[in-house]
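Read through the structure below, which is laid out as structure tokens, and then see the notes.
The values are calculated or read from the model by the stated rules, or taken from the named source; none is laboratory data. Here the structure is a predicted model, which means the values were calculated and not measured. Backbone-built Cβ (ideal geometry, glycine too); neighbour counts: all protein chains shown.
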Amino acid sequence: MLSTISFIIVPILVLVTIILAIKKKVKGYDKFLLGVQDGMSLFKEVFPTLIAMVTAVAILRGSGFISDVGELLKEALDVNGEAVELVPMILFRPISGSASMSIFNSICLNHGPDSFLCRTGATIQGSTDTTLYVLSLYFSSIGVTKWKHSLKAGLIADFVGISIGVILSIIFFGF
Amino acid sequence: MNKIWLIIICFSLIYGLITGRGDELSNVILNIPKESFNLLITMITAACFWSGMMKVMEEVGIVDFIAKKIRPLFKLIMPNLKDEKALNYVSMNIAANIFGLGYAATPSGLKAVKRMQELNEGDKTEATDEMVTFLVLNTAGVTLIPTSVMAIRAGLGSVNPADMLIFPIIATLMSCVAGLIADAIFRRRHYAKHH
């Protein structure tokens with residue numbers, strides 16, 4: 001039910017917009033073009049930040065540091081061998097959405113979309129957003145360099161969201 | 001951010017070289033342009049499309065409608081933000097996030113902080129309280145319906161890709177609450193120190 005709703009929400013949203021535009025005699029096409037132009041100019045300002053983020057995250061991933069930490073945790077926690085696959089995904093979550101999403105994708109591919117790991121991964125993915133990326137993108141777009149306590153608060157939110165996601169999954173899906 | 005960026009890169013390079021991953025590192029570095037290209041193309045075109053759509057929605061009154069529905073929530077969270085335009089952008093951003101439309105959320109989010117910066121009468125290089133609260137909420141991910149995650153599971157043939165949906169909803173709400181509480185505590189401490 002919910003999945004049906006979420007899959008049709010986009011076409012419905014577009015349809016309602018277009019119907020209203022016709023009803024209210026709004027020049028939909030012209031406005032659309034104007035909006036696209038707006039979007040372009042917004043991105044001109046964040047372009048350098050994006051390249052800088054890709055650079056840092058790519059090198060971090062290439063260094064193998066995060067997968068090594070995952071291995072270490074695996075030995076330290078001595079948990080069910082498979083569950084440790086989630087660790088790199090969790091560690092990447094606040095830094096890079098695409099990196100953690102691609103780990104999630106391969107977990108679901110290897111274990112099946114209805115496995116414990118894939119469901120837990122889905123819960124974690126949905127529980128929070130890419131803190132470092134969000135902050136650097138938005139702040140750099142307006143030239144703010146002093147972030148105040150936003151990074152700390154954002155990471156606390158990530159930690160709480162991910163922990164609760166993991167706990168709920170363990171309770172309700174079981175190993 | 002300067003420090004974070006330099007530390008991540010420097011640390012990663014040294015770590016990778018010590019653990020004998022020189023070839024991987026050089027591959028990764030040479031692939032940065034390609035990776036950036038892929039990300040930028042998807043992101044910019046998606047954001048442009050949604051920015052265009054959003055403009056039409058603004059004209060036909062959908063934006064105002066949604067903004068009015070979510071407004072009471074922001075009166076509670078950001079009592080000092082009274083600017084109509086900024087509130088509209090913030091509402092659109094949160095609404096798009098709720099439905100998991102990350103790319104649609106970005107343009108309105110960028111416009112929201114831009115407007116907040118116009119209203120910022122203090123130091124323009126320092127984030128205002130409203131910016132911090134708004135972005136903390138964004139980093140906590142107000143996504144109630146994680147569309148992309150469900151699309152991946154559906155694509156792999158899941159029986160019911162939304163079976164776990166209630167958990168991310170609970171987790172994301174707790175994450176938002178935790179972020180907002182942390183924000184409030186840090187802010188109070190900040191002002192206690194400076195006044």
Going by the structure shown, is B:PRO161 closer than 30 Å to A:ILE103 by Cα, in contact with a Lys or Arg (Cβ under 8 Å, 6 or more places away or on another chain), of a type outside the set (Lys, Arg) and modelled with pLDDT under 85? yes
Just one of the numbered conditions (1) under 14 Å from A:ILE51 (Cα atoms); (2) crowded, with 18+ Cβ neighbours inside 10 Å is not true of B:ILE32; which one? (2)
Any residue that is assigned to a helix (DSSP H, G or I) and touching a Phe, Trp or Tyr at 6+ places or on another chain (Cβ under 8 Å) - is there at least one of those in the stretch A:104-111? no
Answer yes or no as to whether B:VAL136 is at the interface with chain A (Cβ under 8 Å from one of its Cβ atoms) and touching a helix residue (DSSP H, G or I) at 6+ places or on another chain (Cβ under 9 Å). yes
Of the residues in the stretch B:50-63, those that are at the interface with chain A (Cβ under 7 Å from one of its Cβ atoms) and either within 14 Å of A:MET40 (Cα to Cα) or β-branched (Val, Ile, Thr) (or both) come to B:SER51, B:GLY52, B:MET53, B:MET54, B:LYS55, B:VAL56, B:VAL60, B:ILE62
Selection from the stretch A:123-139 of residues in a helix (DSSP H, G or I) and either at the interface with chain B (Cβ under 7 Å from one of its Cβ atoms) or touching a Cys at 6+ places or on another chain (Cβ under 6 Å) (or both) yields A:THR123, A:GLN125, A:GLY126, A:SER127, A:THR131, A:VAL134, A:LEU135, A:SER136, A:TYR138, A:PHE139
Among residues of the stretch B:59-79 being surrounded by fewer than 20 Cβ atoms within 10 Å (Cβ to Cβ) and of a type in the set (D, E, K, R), the residue nearest to B:GLU130 (Cα to Cα) is B:LYS75
Some residue of the stretch B:152-161 being at the interface with chain A (Cβ under 8 Å from one of its Cβ atoms), outside any loop (DSSP other than H, G, I, E, B), closer than 25 Å to A:ILE171 by Cβ and not aliphatic (A, V, I, L, M): yes
Determine which member of the set A:PHE159, A:PHE172 is at pLDDT 90 or above, assigned to a helix (DSSP H, G or I) and either more than 22 Å from B:VAL142 (Cβ to Cβ) or under 15 Å from the mean Cα position of the chain (by Cα) (or both). A:PHE159
Do we find a residue being under 15 Å from the mean Cα position of the chain (by Cα) and in contact (Cβ under 8 Å) with a residue 12 or more places away in the chain anywhere in the stretch A:145-156? yes
Residue by residue through the stretch A:3-59, note down the ones that are facing chain B (nearest Cβ under 7 Å) and among the acidic types (Asp, Glu). A:ASP38
For the structure I just gave you, tell me whether B:MET92 is modelled with pLDDT of 85 or more, under 14 Å from the mean Cα position of the chain (by Cα), assigned to a helix (DSSP H, G or I) and surrounded by 18 or more Cβ atoms within 10 Å (Cβ to Cβ). yes
Restricting the stretch B:167-189 to residues that are in contact with a Leu (Cβ under 9 Å, 6 or more places away or on another chain) and not aliphatic (A, V, I, L, M), which is farthest from B:ASN138 (Cα to Cα)? B:PHE167
Quick check on the stretch A:101-131: of everything there that is crowded, with 23+ Cβ neighbours inside 10 Å and within 17 Å of A:MET53 (Cα to Cα), which residue is farthest from the chain's Cα centre (by Cα)? A:THR131
Condition test on B:ALA140, is it in contact with a Cys (Cβ under 8 Å, 6 or more places away or on another chain), touching a residue at least 24 places away in the same chain (Cβ under 8 Å) and closer than 15 Å to A:GLY165 by Cβ? yes
Cβ-Cβ below 6 Å, separation at least six or inter-chain, first residue in the stretch B:17-41 and within 10 Å of A:ILE59 (Cα to Cα), second of a type in the set (Gly, Ala, Ser): which pairs? B:GLU24/A:GLY62; B:LEU25/A:GLY62; B:LEU25/B:GLY16; B:VAL28/A:ALA58; B:VAL28/A:GLY62; B:ILE32/A:ALA58
State the number of residues belonging to the stretch A:140-156 that are more than 7 Å from chain B (Cβ to nearest Cβ) and modelled with pLDDT of 90 or more. 2
